[in-house]
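All of the numbers you see were taken from the coordinates with simple rules; none came from a lab. Small disclaimer: the values here were computed from a predicted structure and weren't measured. Quick reminder, even Gly has a Cβ in these numbers, built from the backbone with ideal geometry, and neighbours come from all protein chains shown.
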Amino acid sequence: MFGNLETLPPDPILGVTAAFRADPDPRKIDLGVGVYRDENGNTPVPAAVREAERQVLAAQSSKTYVGPLGNPEFNERIVALALGELAGTLRERTATIQTVGGCGALRMAAELLHAASPGSVVHVSDPTWANHEPLLGNSGIALQRYPYYEPATRSVAFDRMLEHIEGLPAGAVLLLHGSCHNPTGVDLELAQWRAVADVLERRGVVPFVDLAYQGLGDDLETDVAGLRLLAARLPTLLLAISCSKNFGLYRERTGALAVIAENAATARAITTHQARIGRRMYSMPPDHGAAVAARVLGEAQLRRAWQDETVAMVARMKALRALLAGRLAGRRPDRDFSWLTGQRGMFSLLGLAPAGIRALCVEEHVYVPPDGRINIAGVSDANVDRVADALVRVLERR
Ligand code: LMR
């Protein structure tokens, strides 16, 4: 039956974790998969999340099915976290389903788009997260890329991006990263979000926001200012939410897809399709992570403690950016590394040639994905000099 299947190459990001684990060299450093790490290299469960888990388990008297849309309290609270006061205004027009992580939300959105409008095209940034195209495209929806990043200046190629959107037909879909652009670390400024909103509105293009890092760029509010601006103005918006990074719930696969529709009747219809898509793929989402996130958001004390923990994560990542930029500049005063500190979130693109990226993994035992992205949270006081030495050695490899 399966004899004709060829062995596939490793996943570009998850394969880095496997290669790192298989490397016996004690000097190895993992700057691959995007998970937050503390100074000891661990990915902790935030204390507020641990406490919420304890409370959820203590109060849980049954494990009967929740339902295809998942936990209603979670759905309401997670959308309110993203949209703020707008969530109330838009409630009747919003169709939300709890999903199997942020990936599940993205795929659910693609399936929904494909069902509603099979000819529509989703435009993704160039570059984008390595799994966006496989994950969305596998639903059958067509994909194209829009210019996003200018490697020479390490900034948003904004004029070219806008020009691309200007040329889109009504009904095209534009996938935007809510904050902490993956893999570049370069986000739109608020004025740029405003300019994008103008064009989307004029052209009838539908925004689709991937919100995987709320609270890990600047803070929980600033990181969604662009999203809120779009949600307030555009008649239709898709929002894929992940709780993996900000709640540290990675393996619990906790996320949501919220679709803001033109009117309440359409939102109600969307809900039935969301439920059917989920039912046909996996029936229902897992409960635990959503129940925990709902409790964190619903209990004032837990919520405050969790917010403080996100603030600490941001402070640590900003400090690591400055630390690494300083160590690199110390080794190569002829080059500018200040761009590292201007970027947000976990990721930066090093701008290495393929030979440099290969040498970094194979010779230096510093593991990064094939696009040369680094997870800044993988740097620590203990390894920063080794990271800087290794980077400097491969910088000019062609
Ligand atoms: C990443 O970009 O490394 C994370 O979003 C994890 C993943 O699933 O790829």
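Selection within segment 90-133: residues that are away from the ligand (no atom under 14 Å from the Cβ) and in a loop (DSSP other than H, G, I, E, B). The member of this set that is nearest to ARG233 (Cα to Cα) is LEU90.
If you go through segment 192-222, how many residues are within 16 Å of the ligand (Cβ to nearest atom) and in contact with a Ser or Thr (Cβ under 9 Å, 6 or more places away or on another chain)? Step through it out loud before you land on a result.
As a first pass, look at segment 192-222 and keep what is within 16 Å of the ligand (Cβ to nearest atom): 209-217.
With the extra rule that they be in contact with a Ser or Thr (Cβ under 9 Å, 6 or more places away or on another chain), the set shrinks to 210-217.
Summing the residues that are within 16 Å of the ligand (Cβ to nearest atom) and in contact with a Ser or Thr (Cβ under 9 Å, 6 or more places away or on another chain) in segment 192-222 gives 8.
Each residue in segment 69-89 was checked for being among the small types (Gly, Ala, Ser) and assigned to a helix (DSSP H, G or I), and 4 of them qualify. Only helices (runs of 4 or more DSSP H) whose full extent lies in segment 314-398 are considered here, and none of them has at least 3 residues that are of a type in the set (S, T, N, Q) and touching a Lys or Arg at 6+ places or on another chain (Cβ under 7 Å). Within segment 1-51, the set of residues being under 24 Å from CYS103 (Cβ atoms) and among the β-branched types (Val, Ile, Thr) comprises THR7, ILE13, VAL16, THR17, VAL33, VAL35, THR43, VAL45, VAL49.
Of all residues in segment 40-49, those that are under 17 Å from ARG251 (Cα atoms) and surrounded by fewer than 13 Cβ atoms within 10 Å (Cβ to Cβ) total 1.
Within segment 114-139, residues that are under 19 Å from VAL205 (Cβ atoms) and among the aliphatic types (A, V, I, L, M) reach partners that are part of a strand (DSSP E or B) and within 16 Å of the ligand (Cβ to nearest atom) with beta carbons closer than 7 Å, at six or more positions or on different chains, in the pairs VAL122/LEU175; VAL124/LEU175. Taking every residue in segment 172-184 that is within 27 Å of ALA116 (Cβ to Cβ) and in contact (Cβ under 8 Å) with a residue 24 or more places away in the chain and pairing it with any residue that is away from the ligand (no atom under 16 Å from the Cβ) and assigned to a loop (DSSP other than H, G, I, E, B), at least 6 positions away or on another chain, the pairs with Cβ-Cβ distances below 7 Å are ALA172/SER120; ALA172/VAL205; VAL173/SER120; LEU174/VAL205. For segment 198-220, check the following and say yes or no: at least one residue is closer than 22 Å to ILE97 by Cβ, of a type in the set (Ser, Thr, Tyr) and surrounded by 24 or more Cβ atoms within 10 Å (Cβ to Cβ). Within segment 198-220, one or more residues are closer than 22 Å to ILE97 by Cβ, of a type in the set (Ser, Thr, Tyr) and surrounded by 24 or more Cβ atoms within 10 Å (Cβ to Cβ).
Among residues of segment 1-56 being of a type in the set (Asp, Glu) and more than 16 Å from the ligand (Cβ to nearest atom), the one that is nearest to LEU216 (Cα to Cα) is ASP38.
What residue, of THR236, THR254, THR310, THR272, is of a type outside the set (A, V, I, L, M) and within 16 Å of the ligand (Cβ to nearest atom)?
Details: THR236 fails: within 16 Å of the ligand (Cβ to nearest atom); THR310 fails: within 16 Å of the ligand (Cβ to nearest atom); THR272 fails: within 16 Å of the ligand (Cβ to nearest atom).
So the residue among THR236, THR254, THR310, THR272 that is of a type outside the set (A, V, I, L, M) and within 16 Å of the ligand (Cβ to nearest atom) is THR254.
The single residue among ARG295, ARG304 that is free of Cβ contacts under 8 Å to residues at least 12 places away in the same chain, away from the ligand (no atom under 16 Å from the Cβ) and out of contact with any Pro (no Cβ under 7 Å at 6 or more places or on another chain) turns out to be ARG304. Within segment 307-339, if we keep just the residues that are free of Cβ contacts under 8 Å to residues at least 60 places away in the same chain and of a type in the set (A, V, I, L, M, F, W, C), the residue that is surrounded by the fewest Cβ atoms within 10 Å (Cβ to Cβ) turns out to be ALA315.
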